[in-house]
1. Pairs of Cα atoms under 8 Å, at least six residues apart: use those to get the relative contact order of the stretch 16-64, whole percent.
2. Does the stretch 16-64 classify as rounded, prolate or oblate by the C-alpha gyration tensor (a ≥ b ≥ c root eigenvalues; a/c under 1.5 gives rounded; else a/b over b/c gives prolate, otherwise oblate)?
Amino acid sequence: MRNFLRELFSESGQASFSRVGTFLALISACVWVSRLVWKAGALPDLGGLTFFIASLYGLGKAGETVAKMLGPKQ
C-alpha cells in the first residue's frame, strides 16, 4: 500500500510501532471527540487524551534512542 504510506512518514526508513500506534490512537481520538461534540454539543477537556497520544510516540522514540545508545546487537 504505497510502500506502507512511505513507511508511515518515517525518517528512519521503516514504520515503527510508535508511529503506527500513535496514528491509530490519533484517528480513534478524532472520531471519539467528534462523536462527543456531536452528541453533547460541547468540547471535552483534551488534556488526558493529548498526553496519552503523545506518550505512545514518546515511549517508542525513547526505546529507539536507548537501542541506538547501546549499539548494534551481535
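1. Values: 26 pairs, mean separation 28.5, N = 49.
Worked out over the stretch 16-64, it gives 58 percent.
2. Working: a/c = 6.86, a/b = 2.34, b/c = 2.94.
Since a/c reaches 1.5 but b/c is at least a/b, the shape of the stretch 16-64 is classed as oblate.
Bear in mind these aren't lab numbers, they're just calculated from the coordinates by the rules spelled out. What you see is a predicted model, and the numbers here were worked out from it, not measured in a lab.
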